[in-house]
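Note sheet for the following structure.
The values are calculated or read from the model by the stated rules, or taken from the named source; none is laboratory data. As the structure is a prediction and not an experimental result, all values here were calculated from the model. Methodologically, a virtual Cβ is constructed for each residue, glycine included, from the backbone with ideal geometry; neighbour enumeration extends over all protein chains shown. With ligands, DNA and RNA removed, areas are computed over all heavy atoms of the protein, side chains included. Shrake-Rupley method; radii C 1.70, N 1.55, O 1.52, S 1.80 Å.
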Amino acid sequence: MIECEVKCKKCLKQIPVDSEGKSMAKNGLCLECYNDELKAQSIDWMEKEQELQEKIEEVRRAKGTFDGLVMLSGGKDSIYVAYILSKVYKLNIVGLTIDNGFEYQSTFDNSYDIAKKLGISHFIYRLPFEDMREYYNFLLTEDTLKLQDCSQLCFFCGRLLKTISIKVAKMLNVTAVFSGHTLEQIRALGDEEGKDKSFDIRRRYIQNYSVQNYKKALDLLKEKSKESISYLFDDNLETLNFDRFIYPLQYFEYKPIEIVELLSKELGWVADTHFTKKYISSGCKLGKLMEYIATKNGSTTYVEREFSDQIRRGSLSKEDVIKIIESRVDDEGEIQEIIDLLSTSKEKLFWVGEK
C-alpha cells in the first residue's frame, strides 16, 4: 500500500517514499531535520562575524578603485548587503544591476533608489535581448537539459550573472565582489565554507556536476547550430575561481523578516509583490515561470526548498512561511505574457518524462 504524501512536521519539506511506496519520514521529520536534531550543532556567530571582518580588512588593504562591487537585484538580500558594507563597514562600493531582459521594473527602480540613498555608484549592465531570449529558450525547451523542477535555469543563469559581475569588477579595478546569496543558494553553488571534509566533498561533487552540465550544454549548442549564444556559457566556470567573491550573509544569523523591517525603516525599501504580498524571493520574471513549471510537474519549487531550509535553520518560523505561502500571487495571464516574451509555448516548457 502506497502511503499518502507527507510533509516534514518541522520544515514542511515534502518527504519522499521508498521503492515500496512507504514514507521515509523519521519521527515525522525529513532526513535533514532528523540529522540536524541528532547532531545538535551550534554555530559560533561571533567567530563567523570575525571571519567576515578579517576578509573586509583584506579588502581595505588591497586599495582598489572601489573596495567592492555588490550584485544589486533590488531584492532585500542584495540591498541589505549593500547597506551593511557601506553603512556599517564603511567600504567604498559600487552597485551592479544586470538587465537580462526578463526583470521586473522594480529590479531597476529599487536598485537605483537604494543606491542613491546609500550614496554609492550604480551601473546597469544590459545584455542583448534577442540573445537572452534565445539563451533562456534553449535552457527551458531542450529536453536533454530539462529538470522536473526547472532548476536548470538558475543553475546556468546564476553562474552567468556571477561571471559578468566578476568581469566588470576586474575592468573597474574593484577589489572584491559581494553577493546577497543566502546559505542555501551558496550551498547549491558549491561555495559554502566549512572546516570539515564534508564541505570539500560537496564542493568537488558540485564542481564535477557543473563541468558535466556545461559540456552537455555546449555540445547541444553545436548540435543545434546555436553557437551564436555560446559566449553566454564561456568562462562561466573558470571565471568563478575569483579569489575575492564574498557572500556576507553566511556570516550572520539570517533573519529575513528583520531584514525587511530594517530596510523599510532605514531606506524606505518596498518589496516586489509579483510573487507574494509579504515576501520577495526573486525579482526575475523567469523565477515566476520556474515556480509555475515546477508546480505543474508536481515538483517541489526552489522557493519551497529554500523556505524549508530556512525553517530548519531558524531563519523563519513555520507560521511565517505559511503566511507567506498563503499570500502567494498567482496570475495565469502574467505567466502567459512571460511565455509570449520568450516566443515559446507551454507545451515546449513542460516536463517531457524520465530521461
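Full extension of the segment from Val270 to Lys296, taken as 0.36 nm per residue of separation minus the current Cα-Cα distance, would add 6.4 nm. DSSP assigns beta bridges within the chain; of those with both partners inside it, close to 25 percent run antiparallel.
Over all other residues within a Cβ to Cβ distance under 9 Å of Thr300, the charged ones net out to 0, with Lys and Arg as +1 and Asp and Glu as -1. For the range 92-131, the Cα-based Rg and Dmax, in that order, read 11.0, 35 Å. Charged neighbours of Lys116, selected by a Cβ distance under 15 Å, balance to -1 (K, R count +1; D, E count -1).
Counting only residues at least eight positions apart within a chain, or on another chain, the lysines with an alpha carbon under 30 Å from that of Lys90 are Lys48, Lys55, Lys63, Lys76, Lys116, Lys117, Lys162, Lys167, Lys170, Lys195, Lys255, Lys265. Could you tell me what percent of the accessible area of the range 157-206 is made up of carbon and sulfur, with a 1.4 Å probe and every protein chain present? The value for the range 157-206 is 57 percent carbon and sulfur by accessible area. Shape annotation for the chain: C-alpha extents along the principal axes are 65, 52, 40 Å, from largest to smallest. If you take the square roots of the eigenvalues of the alpha-carbon gyration tensor of the range 45-250 and sort them as a ≥ b ≥ c, do you get rounded (a/c under 1.5), prolate (a/b over b/c) or oblate? Oblate, since a/c reaches 1.5 and b/c is not below a/b. Comparing the range 181-314 with the 2.2 N^0.38 Å rule of thumb, its C-alpha radius of gyration ratio is 1.27 (two decimals). Compute the Cα gyration tensor for the range 316-355, then decide on rounded, prolate or oblate, letting a ≥ b ≥ c be the square roots of its eigenvalues: rounded whenever a/c is under 1.5, prolate when a/b is larger than b/c in the other cases, and oblate in all that remain. Judged from the Cα gyration tensor, the range 316-355 comes out oblate (a/c at least 1.5, b/c at or above a/b). Taking each DSSP H run with n ≥ 4 as -39500 (n - 2.57) and averaging over every residue of the chain yields -15500 deg cm²/dmol at 222 nm.
Just check the range 100-214 against the gyration tensor rule for me: Cα atoms, a ≥ b ≥ c as the square roots of the eigenvalues, rounded for a/c under 1.5, and otherwise prolate or oblate depending on whether a/b exceeds b/c. Cα axes put the range 100-214 in the oblate bin. Heavy atoms of the protein chains alone define the surface here; on that basis the range 162-298 has 50 Å² accessible area per residue at 1.4 Å probe size.
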